[in-house]
1. Find all pairs meeting these conditions: Cβ atoms under 7 angstrom apart; at least six residues apart or on different chains; first residue within region 215-230 and among the polar types (S, T, N, Q); second residue crowded, with 16+ Cβ neighbours inside 10 Å and modelled with pLDDT of 95 or more.
2. Report whether or not GLU162 is within 18 Å of the chain's Cα centre (by Cα) and among the charged types (D, E, K, R).
3. What do you reckon, is LEU219 modelled with pLDDT of 95 or more and in the same structural domain as VAL53 (by TED's automatic domain parsing)?
4. Would you point out which residue out of GLU121, GLU134 is modelled with pLDDT of 95 or more, in contact with a Leu (Cβ under 9 Å, 6 or more places away or on another chain) and at negative phi?
5. Restricting attention to region 185-203, which residues are assigned to a loop (DSSP other than H, G, I, E, B) and more than 10 Å from the chain's Cα centre (by Cα)?
6. From the residues in region 127-144 that are under 23 Å from the mean Cα position of the chain (by Cα) and aliphatic (A, V, I, L, M), which one is nearest to LEU104 (Cα to Cα)?
7. Based on what the data block shows, is PRO103 farther than 30 Å from SER9 by Cα, buried (at least 17 other Cβ atoms within 10 Å of the Cβ) and modelled with pLDDT under 95?
8. Just to be sure before I move on: is ASP39 at pLDDT 90 or above and not assigned by TED's automatic domain parsing to the domain that holds ASP141 in the structure I sent?
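The values are calculated or read from the model by the stated rules, or taken from the named source; none is laboratory data. Just so it is clear, the structure is predicted and the values come from calculations on it, not from any experiment. Virtual Cβ from ideal backbone geometry, glycine too; neighbours counted across all protein chains shown.
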Amino acid sequence: MLKDISERSVTTLHGKLCIPDLVPLFSCFPHSKLISISDNQRTHLKHKNPNFVGTVYHGIPKDMFNFTSKPKGEEPYLAFLGRIAEEKRPDIAIKIAVKAGIPLKIAAKIDKVDVEFWENEVKPLVDQNPELVEYIGEITDSQKGEFLGNARALLFPIDWNEPFGLVLAESMACGTPIVARPCGSVPEVVEEGVTGIIFDTIDEGVEAVKRVHKMDRALVRETFEKRFTSEIMAGNYLKIFEKMLTQTE
């Protein structure tokens, strides 16, 4: 049945596409139309002729997070938000913060598969730097606005080809700039000098977090509204659907 409707359907792929089992799967549905959540995501699908019809970036409701023009507190902190996982590199975030002498707050869950990484690689760094590094655990969506809005910047030192980091859009919605490594979709999502700074080495990351506070937070929010709202996302999907309909008439 799926083969029968494959030419009349479209599927958005959200996960990583380097999984070997995906090749025979897509070979069974050569006419299936696909939507990527970043252009970079496509490059990791090893199928010879994936039928991508467009890229649609994630979007979140415009009013989900309030814009924060100026973080509260005497010394705004760096924020790390997500998972304690090796590919997310919270250890690099800590090393950057400590070397820069800027406080870091880590809001992240620890899955069972990542407990060993936390115990061996991350927790020792947290314990060694109690004056600068604070692990606050997992937070809810309702807590993200205050956490991100009052941050100097979001640290996103990932070490894998992430298709789209939703936290990047969430940070921009708050007006908080991003300091990130150029992995996966980061160069597509983060506009250098506009919504954040992209770095390669720890030393470059240190320099970035020292000057990121000079960025225009209003411009960060404005860019979010132009690129990553749910309305923009829905509109981009509709454009693809309408194009597909005209091609089948």
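1. Going by the 7 Å Cβ cut-off, the qualifying pairs are THR223/MET172; THR223/GLU191; THR223/THR195; THR229/GLY59; THR229/ILE60; SER230/GLY59; SER230/ILE60.
2. Numbers: within 18 Å of the chain's Cα centre (by Cα): yes; among the charged types (D, E, K, R): yes.
It is true that GLU162 is within 18 Å of the chain's Cα centre (by Cα) and among the charged types (D, E, K, R).
3. Numbers: modelled with pLDDT of 95 or more: yes; in the same structural domain as VAL53 (by TED's automatic domain parsing): no.
Answer is no for this residue.
4. Values: GLU121 fails: in contact with a Leu (Cβ under 9 Å, 6 or more places away or on another chain).
Only one candidate qualifies: GLU134.
5. Filtering region 185-203 for residues assigned to a loop (DSSP other than H, G, I, E, B) gives 185, 190-191, 193-195, 199-201.
Correct list: GLU191, GLY193, VAL194, THR195, PHE199, ASP200, THR201.
6. Restricting attention to region 127-144, the residues satisfying the condition of being under 23 Å from the mean Cα position of the chain (by Cα) are 133-144.
In the following step, the residues that additionally are aliphatic (A, V, I, L, M) were identified as 133, 136, 139.
Details: VAL133: 5, ILE136: 10, ILE139: 15 Å.
By that ranking, first place goes to VAL133.
7. Values: farther than 30 Å from SER9 by Cα: yes; buried (at least 17 other Cβ atoms within 10 Å of the Cβ): yes; modelled with pLDDT under 95: no.
It is false that PRO103 is farther than 30 Å from SER9 by Cα, buried (at least 17 other Cβ atoms within 10 Å of the Cβ) and modelled with pLDDT under 95.
8. Considered against the rule, which asks whether it is at pLDDT 90 or above and not assigned by TED's automatic domain parsing to the domain that holds ASP141, ASP39 comes out as yes.
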